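Remarks on the structure that follows.
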Amino acid sequence: MQQPAHSPAVLRARAARKETLSATVRPLLCTVMLLLFVLWVHLGSGLATFSHQTRTEPGWDDFREAYQVDNFGRDGYFVRAVQNGYNLTHHTPDYAWRFTRKSATDANNSCSSCHSNEDLAYALVNGDRFVPELDRRVSFEESVMRCYAKHLDGFVPTIYDPAVRDVRIFARMVAHHLQLGEGSLGVSP
C-alpha cells in the first residue's frame, strides 16, 4: 500500500534526503565558487589591484640596467619594492598621491626634483643620526616622512607604509650598487 505524497512520513523522508544532499553539496559548491573567483581575479579580470606587477614607468628599464637590479632576479618582492621605490621617488604625484598636495604642474613635484638616486643612498647610510635642530636622533624613514610633509606640502605617512618602506629599499639598492657602507660621505659639489 502506497502512502499519499503529502503524508508526514514521506515529507520527513524527503527532508532528510534534501538535508543530506545539502550538507555534502553546499561546501563543495562554495569551494568551487571560491576557486573560480580566485582564478578570475588573478587571470581574467585584468584589474591592476589583483596583480603583483607594477607599471613600468619611463626610466625604470635604464635604472634597472645601470644599477644591475636583475642581479636580484627579474621579479620578486625585493625587485618589486625597488621598482615601487623608483616610482615613488621619480613619479611621486602618481604613486604617493595620498601624501602630497603638489600636482604634476608644480615645479617641485617629486622626490627626484630635489634628490638624486645617489643622494638618497647617502642619506640612507648616514641616517639615524643626531640632528641638532631637532635635538634628537632622526632615522632615514622619519626623514622621508618629514619630506612628504615639508617639501611636498603633503601629509605624513606611517613608518610602515610602502611610501616610506619602498623608498628605503630603493635607497638600499642604490647604496648596494655604489658599495656604500654605514657613514659613507658623499662628494660635495
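The values are calculated or read from the model by the stated rules, or taken from the named source; none is laboratory data. Remember, it's a predicted structure, so these values are computed and weren't measured experimentally. Quick reminder, even Gly has a Cβ in these numbers, built from the backbone with ideal geometry, and neighbours come from all protein chains shown. These area figures cover heavy atoms from the full protein model, side chains too; ligands, DNA and RNA do not enter into them. Shrake-Rupley method; radii C 1.70, N 1.55, O 1.52, S 1.80 Å.
Values as computed for the structure displayed
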read-out: Hey, Asp106 surrounded by fewer than 21 Cβ atoms within 10 Å (Cβ to Cβ), of a type in the set (D, E, K, R), in contact with a strand residue (DSSP E or B) (Cβ under 8 Å, 6 or more places away or on another chain) and at pLDDT below 85 or not; value: no
read-out: Failed item, numbered, when Gly44 is tested on (1) surrounded by 11 or more Cβ atoms within 10 Å (Cβ to Cβ); (2) modelled with pLDDT under 85; value: (1)
read-out: Residue list for segment 7-23, restricted to those being at pLDDT below 75 and open to solvent by 80 Å² or more (accessible area, probe 1.4 Å); value: Arg17, Lys18, Glu19, Thr20, Leu21
read-out: Residue check for Glu65: at pLDDT 85 or above, open to solvent by 90 Å² or more (accessible area, probe 1.4 Å) and within 30 Å of Gly154 (Cα to Cα); value: no
read-out: Pro93 open to solvent by less than 60 Å² (accessible area, probe 1.4 Å), outside any helix (DSSP H, G or I) and either in the same structural domain as Glu65 (by the TED database) or modelled with pLDDT under 85 (or both); value: no
read-out: Close pairs from segment 119-148: first over 21 Å from Ala175 (Cα atoms), partner among the aromatic types (Phe, Trp, Tyr) and surrounded by 18 or more Cβ atoms within 10 Å (Cβ to Cβ), Cβ under 9 Å, at least 6 apart; value: Tyr148/Phe99
read-out: Exclusive hit being under 26 Å from Arg55 (Cβ atoms) and modelled with pLDDT under 90, set Val138, Val174, Val156, Val167; value: Val156
